[in-house]
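The values are calculated or read from the model by the stated rules, or taken from the named source; none is laboratory data. Since the model is a prediction, treat every value here as computed from it, not as a measurement. Every residue, glycine among them, receives a Cβ derived from its backbone with ideal geometry; neighbour counts consider all protein chains shown. Just the protein is used for accessible areas: all its heavy atoms, side chains included, with ligands, DNA and RNA removed. Shrake-Rupley method; radii C 1.70, N 1.55, O 1.52, S 1.80 Å.
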Amino acid sequence: MTDCLFCKMVAGEIKPDIVFENDEVLAFRDVHPQAPMHVLVIPKTHISTVNDLTPEHASLVGSLYLAAQKIATDEGVAEPGYRLVMNCNSEAGQSVYHIHLHVLGGRPMAWPPG
Ligand code: AMP
């Protein structure tokens, strides 16, 4: 999608701080980190929200989580622990409508989330 911020990153028109990339996913540091380590993992194909996922996306969604696991390990937060979050629509706080998995670590996390 031409007007999607994250599609522009996939296309190389905007250069995020990339930490991981493969054929299916791109991962980069969040510009407004909410924890010492805050990375976003996105699919390279445009999917607006979790509500738009279909069974054909099952492998791709798995790839997002496997990328998050590798990033957490590489960033040294796998053993202490980390949080994975995917917001869906406005009431959950989604602001960019291209699905993305937040990978947050480096500090204790509270529950319930705000
Ligand atoms: P959400 O609110 O769940 O849609 O998350 C969107 C995330 O994208 C927020 O945490 C923003 O800080 C992050 N974000 C927005 N613009 C950029 C950017 N140019 N580079 C990196 N992260 C961004």
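Before moving on, here are some points about what is shown:
- Inter-site label distance for residue 24 and residue 50 at 7 Å from Cα along Cβ, in nm: 1.8
- Shape class of the range 48-89 from the alpha-carbon gyration tensor: oblate, with a/c at 1.5 or above and b/c at least as large as a/b.
- Computed FRET value (nearest 0.05) for residue 1 with residue 84, which takes r as the C-beta separation and R₀ as 30 Å: 0.80
- Here the chain exposes an accessible surface that is 54 percent carbon and sulfur, computed with a 1.4 Å probe and the other protein chains kept in place.
- For the chain, a simple Cβ point-charge model (Lys and Arg +1, Asp and Glu -1, everything else neutral) yields a dipole of about 240 debye relative to the Cα centre.
- C-alpha long axis of helix 58-74 to longest principal axis of the chain, angle in °: 40
- Taking the range 5-105 and dividing mean pair separation by its residue count, relative contact order in percent (alpha carbons under 8 Å, at least six apart): 32
- Cα centroid separation - the range 1-31 against the range 37-60, whole Å: 13
- Sequence-distant aspartates and glutamates (8 or more away, or on other chains) whose Cα lies within less than 19 Å of residue 15: 3, 23, 24, 30
- Distant-in-sequence amide H partners of residue 19 (H built 1.01 Å from N, under 5 Å): 27, 28, 29
- Using a probe of 1.4 angstrom and keeping all protein chains present, the accessible surface of the chain works out to 59 square angstrom per residue.
- The GluC sites (Glu not before Pro) of the range 1-55 that meet both conditions, a loop assignment by DSSP and at most 14 other Cβ atoms within 10 Å of the site Cβ, are 13.
- Antiparallel bridges, percent of DSSP beta bridges restricted to the range 12-114 (to nearest 5): 100
- In Å, descending, principal axis extents of the Cα set of the chain: 37, 29, 28
- The Cβ shell under 14 Å around residue 81 holds other residues with a net charge of 0, Lys and Arg each +1, Asp and Glu each -1.
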